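The values are calculated or read from the model by the stated rules, or taken from the named source; none is laboratory data. Model, not experiment: these values are computed from the prediction. Please note: Cβ atoms are built from the backbone with ideal geometry, for glycine as well, and neighbour counts cover all protein chains shown.
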Amino acid sequence: MTSTYLNNSQLIKLSTFFKTIALAAVSILFMANSGGSPGNRSGSATDGEKTCSTQGGCHSNASQPILSQDLISTDIPVEGYVPGTNYQITLNPTSEGAGRWGFEMMVQDANEAAVGEFTSNGDGNIISGNATRITHKFASGGGGDTKTWVLDWKAPASGSGDLQIFVSVLAANGNGKTGGDKLIIDTLAIAENEKASLQDLLNQEIVLYPNPVVNVLHIKGFKVSNAQILIIDATGKKVIEQPYTETIEVQELPKGNYIFKLVAEQAVLTKTFVKY
C-alpha cells in the first residue's frame, strides 16, 4: 500500500482553489440578490420582523447598526386611500457611497395580513408571482449616495381599514461580499377613506338566492367581512342576528316573507326574501 503526500506548492494551489470556489459562491449569491429579494424580508410583523440583514439574512453583519429613515412617501390623499384605487409609493433612501441598492416592501393590515396589489414596473418586480410584495430589479439597483424607486400599488377592498407600509432597504458597499452593508428601515401608516368606503359599500349589488328559499340562503356580491346580518319577520321581530357569512341556515324559520339586513360601518343594506 502506498501513501500520497502533497508538497507545499500543491497545498497552496489546493487552498487557493477552494478559496476561489467559496468566493465564487458568495459572488453568485450577491448577484442573485442584486436582482431582487428572495421574499419575506420586509421587516414587517407578517415576516417576523426579518430583513435581508437580520435574523438569518444573507447580508447579516452585527457591526452595522440598523438605520431608520423617513424614506416612504405616497400620493395617497390625507383623507385616506380609496379601496381599489391605484397609487404610487416612492422610496428615497440615502447612504453615502453605496455601491448597490436593494429593497423589499409590503403593506399589512391590522391582522398582520399582506394586502393590496403591487404591479411590476421599471423600478421593481413583484416577488415570485406574489403581488402583495415588491422588490428592486437589477437595473434599478445601481449605486450612489441616494436612490429613488417609484412603485405602483392598488389599494385593497373596502373594509380593510388602517394599514402600514413596511420597507427594508439594503445599501450594499458593492465589494461582492455579503458583510459590511447597511440596513435602512421605515414604516408609514395609511388610513382608509371612510366616506369613500361607505359609498363603495352602498354601491354593491347584493343578491339573495335561491329566492324563495327552503333551507339555505346564499349571499352574492358582498365584499365586506366585518358586518352583521339581521333577519326580521313580517311582525317586525328579529329572528336571526349573526356575523356576516355567505350562507345562512333558514330551514327552521316558518314560511312567510322576511326582511334581510346587512349592517356594516354606517350603512344598512336591505333586501327581502320568501321562505317556503
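Among the residues making up the stretch 224-256, those that are under 27 Å from residue 194 (Cβ atoms) and part of a loop (DSSP other than H, G, I, E, B) are 224, 225, 226, 227, 244, 245, 246.
Every residue, every condition in (1) assigned by TED's automatic domain parsing to the domain that holds residue 69; (2) more than 21 Å from residue 84 (Cβ to Cβ); (3) within 13 Å of the chain's Cα centre (by Cα), yes or no:
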position	(1), (2), (3)
112	yes, yes, yes
116	yes, no, yes
121	yes, no, no
135	yes, yes, yes
138	yes, yes, no
143	yes, yes, no
146	yes, yes, no
153	yes, no, yes
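Considering only residues that are surrounded by fewer than 15 Cβ atoms within 10 Å (Cβ to Cβ) and among the hydrophobic types (A, V, I, L, M, F, W, C), which ones fall in the stretch 114-155? Scanning the stretch 114-155 gives a single hit, 139. Within the stretch 98-124, the set of residues being of a type in the set (S, T, N, Q) and modelled with pLDDT of 95 or more comprises 108, 119, 120, 121. Is it the case that residue 68 is out of contact with any helix residue (DSSP H, G or I) (no Cβ under 9 Å at 6 or more places or on another chain), modelled with pLDDT of 90 or more and surrounded by fewer than 19 Cβ atoms within 10 Å (Cβ to Cβ)? Considered against the rule, which asks whether it is out of contact with any helix residue (DSSP H, G or I) (no Cβ under 9 Å at 6 or more places or on another chain), modelled with pLDDT of 90 or more and surrounded by fewer than 19 Cβ atoms within 10 Å (Cβ to Cβ), residue 68 comes out as yes. Within the stretch 87-100, restricting attention to residues that are of a type outside the set (Ser, Thr, Tyr) and surrounded by 13 or more Cβ atoms within 10 Å (Cβ to Cβ), the residue that is farthest from residue 189 (Cα to Cα) is 99. For the residues 220, 195, the requirement of being over 30 Å from residue 253 (Cβ atoms), surrounded by fewer than 13 Cβ atoms within 10 Å (Cβ to Cβ), modelled with pLDDT of 65 or more and of a type outside the set (Ser, Thr, Tyr) singles out 195.
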